[in-house]
Amino acid sequence: MFNTHYRLERHSIRFVLAVMVVASIGGLVEIAPLFTIDETVEAAPDMRVYTPLELAGRNIYIREGCYACHSQMIRTLRDDVERYGPYSLAVESKYDHPMLWGSKRTGPDLARLGGKYSDEWHVAHLIAPRDLVPESVMPNYGWLMRSELDTQDLGLHLRAMRKVGVPYSDAMIENATADAIGQASPDKDAAEGVAERYGEATTIRSFDGDPRRVTEMDALVAYLQILGRLTDAAHVQSGAGRMEAGE
Amino acid sequence: MVAGLTKGERQLALLISIAVAFIGLAMAGAGQGGAFGVHGFIVMAFGIGTIFVVISGYFLPEPGDERLAQYYDDPIKFGIVVSMVWAVFGMFIGDWVAWLLAYPEMTFDAGWASFGRLRPVHTTAVIFGFVGNALIATSFQVVQRTSRARLPDQLSPWFVLIGYNLFCVIAVSGYFMGLTQSKEYAEPEWYADLWLVVVWVVYFLLYLRTLMRRREPHIYVANWYYLAFILVVAILHIVNNLAVPISFGHAKSYSAFSGVQDAMTQWWYGHNAVAFFLTAGFLAMLYYYLPKRAGRPIYSYRMSIVGFWGITFFYMWVGSHHLHYTALPLWVQNLGMTFSLMLLVPSWIAAANALLTLNGAWHKVRTDATLRFMMVAAVF
Ligand code: HEM
């Protein structure tokens, strides 16, 4: 073995190839099968895609680096499940390009945040977290309320998402801007199209409390309220588990 | 710096600078005042800056052929100085971010000053700015001396260093403006990633060309590690950053992968970017500077081989240990855990090899502060 190496280390190209082969094996074995083994991601036929407004909110979440303090992944540990709810399934982040599982928790996990608080609570909390939770170290995000949401390019966003595999229809892409405005403006005609394209269960309301404007706050709160609610596969699975255990 | 370039290289440098300035102009036009446009102006300013530098030295006398008898060390000095600047900046931001965790009101109601945007500024500035520049600069020094060969030309090392720092500047300025892919240690958007690929290919070719000119029959251990650093970082960077931009005039892109596959790819990248920057790169430095300073040969040739291939092979399996108890399939988690334990063997072999090299030089460790730092570093 050492003699072989003695020869190998005299040829730069061969050495380069050897490094590439040896280093690639781990990734190939661990990553490639994740795309081919069916059990990796559960089936969830009822799952819906993000509306343009929620997607815009998600992009604000990314822009502000909320993931630097919050995870979106409830682990299969008793502590996690008792605090946050049923543990996260792979399918729940199927439409997350990129995923936002996070890597640390300065603040709590947000995977099942949707519906936990009212919109008013979120708006007040994002503007001044310490007014509601005095010991919080979360930054104030007052400017979200002041900035108009840029809805112009949302069609391009949906189109790019479709290219990477999210099933947006042509109608969704065409109406992306109108749908974003409509979801946050319940009184406008545009609101109807949102329910038509994304389902009756879609929440349509002014998330920031000001129906005259569509702000970044609208988008972010719409996103926070949908977290964990694109599918109820996790609840169904944990419910079934309890029944089997005889509860 | 221009004085060391030949006439042909000066012309090429001028062409590249002009091309960069025009790319910047195109980006600025497409970005229409948005963050992408700001990046366009930064790129353009960079290009114009280097145009001025080249022109100001354009008519200096050309370097004579006697230069070929010496190592080419000018870019190394530049790289080390830039690395130190990044260190000061990066650690200042680190300190600032730490204070933000105690006094969150210091965000001053401004997006750019909030924790979520500044944290990647810190990690990128220290890992890519401080460490990256130090690795590139030392690699130029080590490869020349262990190969007894001068770098093959004068322009490529400058291109690599300056181009790499353009990448770092784009990355860091982007976070302030909220441009990020959110993937840890791979935050820069698609155009910065593409630029880094160009820089990295030039770096790899430069390194390989120098090795091919070597006047030593064998490639020395330090160069194995530098090569692994260059190659593996290239593989990781390209795969993890696969993304579809919403258009060529926008900064935003969507990752090619989603959910569980994206998480695994990200931590395969994230763990190994750290591994091949902060471990392989530094072992490369260690294998040259430690024996040199101690005045002792490396303790064991065989331990070097086992340590190197063990690290190169095992390290690439362990990323999944960042995803324990998540929705990642259990078999991948188990593989990651197992290989993490196995990785202890080559890591300790490499460390032991370093410490045993000091046998016979311990009296120097007692009096030589530099060597003492190296010893402590090897232990860690
Ligand atoms: C003055 C020295 C430094 C200070 C005050 C500092 C401070 C910090 C702070 C506050 C964080 C964020 C932790 C969090 O999100 O809760 C952090 C993260 C990080 N820093 Fe530093 N840092 C320093 C030097 C360095 C150096 C020299 C490096 C590497 C060469 C480094 C690499 C990192 C990395 C990789 C992270 C992210 C990983 C993690 O959160 O565990 N830092 N640092």
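Step through the residues of segment A:14-22 one at a time and calculate ³J(HN,Hα) from phi using the Karplus curve (6.51 cos²θ - 1.76 cosθ + 1.60, θ = phi - 60°), rounding each to whole Hz and writing x for Gly and Pro.
Couplings: 4, 5, 4, 4, 4, 4, 5, 5, 4 Hz.
So what J values fall out for segment B:318-327 if you push phi through Karplus, 6.51 cos²θ - 1.76 cosθ + 1.60 with θ = phi - 60°, rounded to Hz, Gly and Pro as x?
The phi angles translate into 8, x, 5, 6, 7, 10, 5, 6, 9, 6 Hz.
Under the definition of partner shielding as Cβ atoms of other protein chains within 10 Å of a residue Cβ, what is the mean value for peptide A:58-67?
Values: counts 1, 4, 1, 2, 9, 11, 7, 14, 4, 6.
Neighbouring Cβ atoms belonging to other protein chains average 6 per residue here.
Please give the FRET efficiency for B:L12 paired with B:N359, using the beta carbon to beta carbon distance and R0 = 51 Å, rounded to the nearest 0.05.
0.55
Taking every pair of distinct Cα atoms and averaging 1/r, then inverting, what Kirkwood hydrodynamic radius in Å comes out for segment B:121-218?
Values: mean 1/r = 0.0694 Å⁻¹.
For segment B:121-218, the Kirkwood estimate is 14.4 Å.
Which far-off residues, 5 or more places away or on another chain, put their amide H under 5 Å from the one on A:T215, with H placed in the peptide plane?
Sorted by chain and number, the residues that satisfy this are A:L149.
Would you mind getting the accessible area per residue of segment A:24-115, heavy atoms of the protein chains only, 1.4 Å probe, in Å²?
Working: 3470 Å² over 92 residues.
Normalised by residue count, the accessible surface of segment A:24-115 is 38 Å².
If you take each beta carbon of peptide B:95-103 and count the beta carbons of other chains within 10 angstrom, what is the mean?
On the way: counts 0, 0, 1, 0, 0, 2, 3, 1, 1.
That average works out to 1.
Show me the ranking of peptides B:138-147, B:109-118 by mean Cβ neighbours inside 10 Å, starting with the highest.
Numbers: B:138-147: 22.3, B:109-118: 19.3.
Sorting B:138-147, B:109-118 by mean packing, highest first, produces B:138-147, B:109-118.
Kindly identify residues of segment B:215-253 having a loss of at least 30 Å² in accessible area between the isolated chain and the assembly of all protein chains, probe radius 1.4 Å.
B:P217, B:H218, B:I219, B:W224, B:L227, B:L231, B:I235, B:V244, B:I246, B:H250, B:K252
With the dipole of chain B worked out from charges on the C-beta (+1 for Lys and Arg, -1 for Asp and Glu) around the Cα centre, which of B:I51, B:Y301, B:G37 lies farthest toward the positive end?
The Cα lying farthest towards the positive end belongs to B:Y301.
Which peptide among A:212-225, B:179-192, A:149-162 comes first, and what is the full order, when sorted by highest mean count of other Cβ atoms within 10 Å? Don't skip to the end; give the middle numbers.
Numbers: A:212-225: 24.7, B:179-192: 22.9, A:149-162: 20.3.
Ranked by mean Cβ neighbours within 10 Å, highest first: A:212-225, B:179-192, A:149-162.
Once Rh for segment A:10-115 is found with the Kirkwood sum over Cα pairs, what is the Stokes-Einstein diffusion coefficient at 10 °C and 1.306 mPa s, in µm²/s?
On the way: Rh = 16.8 Å.
Using the Kirkwood radius from Cα pairs, D works out to 95 µm²/s.
Divide by every residue of chain B the summed helix terms, -39500 (n - 2.57) for each DSSP H run of at least 4, and state the resulting mean residue ellipticity at 222 nm, rounded to the nearest 500 deg cm²/dmol. Could the numbers behind the result be given before it?
Working: 14 runs with 258 residues, N = 380.
Theoretical 222 nm ellipticity from helices: -23000 deg cm²/dmol.
Inside 10 Å of the C-beta atoms of B:117-126, what's the mean count of C-beta atoms belonging to other chains?
2
Would you list which lysines come within 23 Å of B:K252, measuring only between C-alpha atoms, while excluding same-chain residues fewer than 8 positions from it?
Hits, sequence-local ones excluded: A:K94, A:K163, B:K183.
For the protein assembly as shown, which whole percent of the accessible surface, found with a 1.4 angstrom probe, sits on carbon and sulfur atoms?
Numbers: 17140 of 26590 Å².
Its accessible area is 64 percent carbon and sulfur atoms.
Could you report the buried accessible area between A and B, both sides summed, computed with a 1.4 Å probe and given in Å² to the nearest 100?
Summing both chains' loss of accessible area gives about 6500 Å².
For A:T4, what charge total do you get from the other residues with a beta carbon under 14 Å from its beta carbon, if Lys and Arg give +1 and Asp and Glu give -1? Please list the in-between numbers first.
On the way: positive: A:R7, A:R10, A:R14, B:R302; negative: A:E9.
Summing Lys and Arg as +1 and Asp and Glu as -1 gives +3.
Which values, in whole Å and largest first, are the semi-axes of the equivalent ellipsoid of segment B:1-70 obtained as the square root of 5 times each eigenvalue of the Cα gyration tensor? Spell out each step's value before the answer.
Values: eigenvalues 210, 16, 15 Å².
Largest first, segment B:1-70 gives 32, 9, 9 Å.
Taking N as the number of residues in the protein assembly as shown, what value does Rg over Cα atoms divided by 2.2 N^0.38 Å take? Write down the numbers at each step before the final one.
Values: Rg = 26.6 Å, N = 627, 2.2 N^0.38 = 25.4 Å.
Ratio of Cα Rg to 2.2 N^0.38 Å: 1.05.
What full-extension length gain, to one decimal in nm, is calculated for B:F52 and B:D74 as 0.36 nm per residue of separation minus the Cα-Cα distance? Write down the numbers at each step before the final one.
Values: separation 22, 0.36 × 22 = 7.92 nm, distance 1.89 nm.
Additional length available on full extension: 6.0 nm.
Over segment B:71-379, give the accessible area per residue in Å² for a 1.4 Å probe, as an integer. All intermediate terms of the calculation are to be shown ahead of the outcome.
On the way: 11020 Å² over 309 residues.
Dividing the accessible area of segment B:71-379 by its residue count gives 36 Å².
Send over the Kirkwood Rh of segment B:71-379, from the inverse of the averaged 1/r over different Cα pairs, rounded to one decimal Å.
Values: mean 1/r = 0.0481 Å⁻¹.
After inverting the mean inverse Cα-Cα distance, the result is 20.8 Å.
Pairs of Cα atoms under 8 Å, at least six residues apart: use those to get the relative contact order of segment A:52-244, whole percent. Please list the in-between numbers first.
Working: 278 pairs, mean separation 57.6, N = 193.
Averaging sequence separation for qualifying contacts and normalising by length gives 30 percent for segment A:52-244.
Mind listing the phi-derived Karplus ³J(HN,Hα) values for segment B:96-105, rounded to whole Hz, using 6.51, -1.76 and 1.60 with θ = phi - 60°, and x for any glycine or proline?
4, 4, 5, 5, 4, 6, 9, 10, x, 5
Rounded to the nearest 20 Debye, what is the dipole magnitude of segment A:106-247 about its Cα centre when Lys and Arg each give +1 and Asp and Glu each give -1 at the C-beta?
Its charge dipole is roughly 300 debye.
For chain A, modelled as a Gaussian network with Cα springs under 10 Å, which listed residue fluctuates most, A:V194, A:V236, A:V41?
A:V236
The values are calculated or read from the model by the stated rules, or taken from the named source; none is laboratory data. It should be emphasised that the depicted structure is a prediction, and the values quoted were computed from it without experimental measurement. A quick note on method: Cβ atoms are made from the backbone with ideal geometry, for glycine too, and the neighbour counts reach across all protein chains shown. Please note that ligands, DNA and RNA were not included when accessible areas were found on the heavy atoms of the full protein model with its side chains. Shrake-Rupley method; radii C 1.70, N 1.55, O 1.52, S 1.80 Å.
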